[in-house]
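Novice: One structure coming up, written as structure tokens, with questions to follow.
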Amino acid sequence: MADEFRPLKDAFGKFATGIAIATCVDASGGFRALTVNSFTSVSLNPALVLWCLELKAAAYPHFMEADNYAVSMLNADATALSNRFASREPAPLTPDEYEVWETGAPVLKSRIAGFDCRIHRRHKAGDHVILIGEVVRFDIVDGAPLVYFASNYHSGIKAP
Ligand SMILES: Cc1cc2nc3c(=O)[nH]c(=O)nc-3n(C[C@H](O)[C@H](O)[C@H](O)COP(=O)(O)O)c2cc1C
């Protein structure tokens, strides 16, 4: 079946982005994670970030119930993680793959930067909800970024 949104997706996809994994803890204490490229920095003081979650995503109810989330910007070696958490039923995170900071949401080790956030506001917008988070802890890890452009991964950018 033809995807009626393909032309718009292709136009949006001309904006090169990083790839991040957004995570939260669900009501039964399990981790939920999904691949996102909608991450944006919002404010320095207070430190705010956002990303957009599709209403139809399996993870949607969990991020709507959670008080916190973490975002891990992936490094160039993490294509498999990106594909895994873009699938409907990803294999769960194993303890060697993450750290837990202040909020309890897992921060992935395959990152170039991590952000542990308390949810500040949620705004429904069309078929997504914008999840604004206040950063309570962050770090930077050496490494090159995983880049997404025109529906493909790119890893040609050198670490500074
Ligand atoms: C490169 C890439 C970027 C994505 N960015 C987002 C995003 O910003 N927000 C979102 O809700 N889903 C995004 N997705 C889709 C979700 O990762 C995917 O829908 C989810 O992990 C699981 O699939 P489900 O919708 O079947 O539950 C992206 C997928 C890929 C491959």
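Novice: Want the number for ARG122 to THR94: 0.36 nm per residue separation, take away the alpha-carbon distance, what's left?
Specialist: The span from ARG122 to THR94 would gain 7.2 nm if fully extended.
Novice: If you add up the charges near ILE19, with Lys and Arg at +1 and Asp and Glu at -1, over every other residue whose beta carbon is less than 14 angstrom from its beta carbon, what do you get?
Specialist: Around ILE19, the surrounding residues sum to +1.
Novice: Taking the number of other C-beta atoms within 10 Å as the exposure measure, put SER28, SER43 in order starting with the fewest.
Specialist: SER28, SER43
Novice: Taking the number of other C-beta atoms within 10 Å as the exposure measure, put GLU102, GLU54, GLU134, GLU89 in order starting with the fewest.
Specialist: GLU89, GLU102, GLU54, GLU134
Novice: Rank the residues MET1, MET64 as a footprinting-exposure proxy: fewest other Cβ atoms within 10 Å of their Cβ go first.
Specialist: MET1, MET64
Novice: Using only the C-alpha atoms of segment 50-154, find the volume of their convex hull and express it per residue in Å³.
Specialist: 111
Novice: Loop-only trypsin sites (Lys or Arg not before Pro) in segment 78-160, please: DSSP not H, G, I, E or B, and at most 12 other Cβ atoms within 10 Å.
Specialist: ARG88, LYS158
Novice: Where does the charge balance sit around ILE119 when Lys and Arg score +1, Asp and Glu -1, over other residues with C-beta under 9 Å from its C-beta?
Specialist: Residues close to ILE119 contribute a combined charge of +1.
Novice: Under 19 Å from the Cα of LYS9, which aspartates and glutamates turn up, not counting those fewer than eight places away in the same chain?
Specialist: Output for LYS9: GLU54, ASP127.
Novice: Using 0.36 nm per residue of separation minus the Cα-Cα distance, give me the extension gain between ARG84 and PHE12 in nm, one decimal.
Specialist: So the chain would gain 23.7 nm between ARG84 and PHE12.
Rule-based calculations on the coordinates, nothing more; no lab input. None of the values given here were measured: they were computed from a predicted structure. Quick reminder, even Gly has a Cβ in these numbers, built from the backbone with ideal geometry, and neighbours come from all protein chains shown.
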